[in-house]
Amino acid sequence: MFLNPSADEIRNLLQGVRTIAIVGASPKPERPSHSIAQFFIEQGLTVVPVHPAIGELFGVTAYPSLSAIPFKVDMADFFINADRVGPMVDEAVRLGIPNIWMQDGVIDEAAAQRARDAGHTVVMNDCSYRRWRQLMR
């Protein structure tokens, strides 16, 4: 059974992140990916929207996939259906994105274990915003 990192490990992960790819970023303010992206921008992080149907979000260029991002990101934060996340986690692993975060309800234990086995830090079925608020005071 997959277990998330400890609170201390998650705090260390969040302290080291400067650039976050928000996979499944939405231009709709009522969507969690929208408000969480905005929150991370307010915290001084670089947010990279990833969605094939949008050109930009918050004045920032959006990319159709993780592979299309022309620079390094520290974390891929997945706001997509669990049945689609496996191949995208594999893409993040191939690209060398060190931290992989799957939001509440995004569960793919096999993908999470593949990423962990490849040396990546993985958080699954948890909210990056909620954890930031709990751990980064």
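Every number in this text was worked out from the coordinates using simple rules, so none of it is lab data. Worth saying up front: this structure is predicted, and the values here are computed from it rather than measured. Backbone-built Cβ (ideal geometry, glycine too); neighbour counts: all protein chains shown.
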Among the residues that make up the range 99-110, is at least one of them assigned to a helix (DSSP H, G or I) and more than 17 Å from His51 (Cα to Cα)? yes
Filter the range 92-114 down to the residues that are among the small types (Gly, Ala, Ser) and surrounded by 24 or more Cβ atoms within 10 Å (Cβ to Cβ), then identify the one that is nearest to Leu66 (Cα to Cα). Ala92
Read through the list (1) more than 15 Å from Val23 (Cα to Cα); (2) touching a helix residue (DSSP H, G or I) at 6+ places or on another chain (Cβ under 6 Å); (3) in contact (Cβ under 8 Å) with a residue 40 or more places away in the chain; (4) surrounded by 18 or more Cβ atoms within 10 Å (Cβ to Cβ), then give the number of the only condition that Leu135 fails. (4)
Identify all residues within the range 111-137 that are within 18 Å of Leu14 (Cα to Cα) and in a loop (DSSP other than H, G, I, E, B); write none if there are none. Gly119, His120, Met124, Asn125, Asp126, Cys127, Met136, Arg137
Identify, by number, the condition in (1) over 22 Å from Lys28 (Cα atoms); (2) surrounded by fewer than 15 Cβ atoms within 10 Å (Cβ to Cβ); (3) of a type in the set (Lys, Arg); (4) within 14 Å of the chain's Cα centre (by Cα) that Arg130 doesn't meet. (1)
Scanning the range 51-94 residue by residue, the ones that are over 13 Å from the mean Cα position of the chain (by Cα), of a type in the set (A, V, I, L, M, F, W, C) and in a loop (DSSP other than H, G, I, E, B) total 6
Going through the range 101-113 in order, the residues found to be in contact with a Ser or Thr (Cβ under 7 Å, 6 or more places away or on another chain) and of a type in the set (A, V, I, L, M) are none
Looking at the structure I just gave you, is Gly59 out of contact with any Asp or Glu (no Cβ under 9 Å at 6 or more places or on another chain) and either under 20 Å from Val89 (Cα atoms) or not aromatic (Phe, Trp, Tyr) (or both)? yes
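So that you can scan it fast, the table gives a plain yes or no per residue for (1) of a type in the set (A, V, I, L, M); (2) over 21 Å from Ile97 (Cα atoms):
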site	(1), (2)
Ala7	yes, no
Ser26	no, yes
Ala37	yes, no
Gly44	no, no
Val48	yes, no
Ile54	yes, yes
Give me the residue from the range 95-127 that is of a type outside the set (A, V, I, L, M) and closer than 19 Å to His34 by Cα and, out of that set, nearest to the chain's Cα centre (by Cα). Trp101
Can you find a residue that is crowded, with 22+ Cβ neighbours inside 10 Å and of a type in the set (D, E, K, R) anywhere in the range 64-83? yes
So, first residue on the phi > 0 side of the Ramachandran plot in the range 11-29, second residue buried (at least 16 other Cβ atoms within 10 Å of the Cβ), Cβ within less than 6 Å, six or more apart or across chains; the pairs are Gly24/Ser33; Gly24/Phe79; Gly24/Ile80
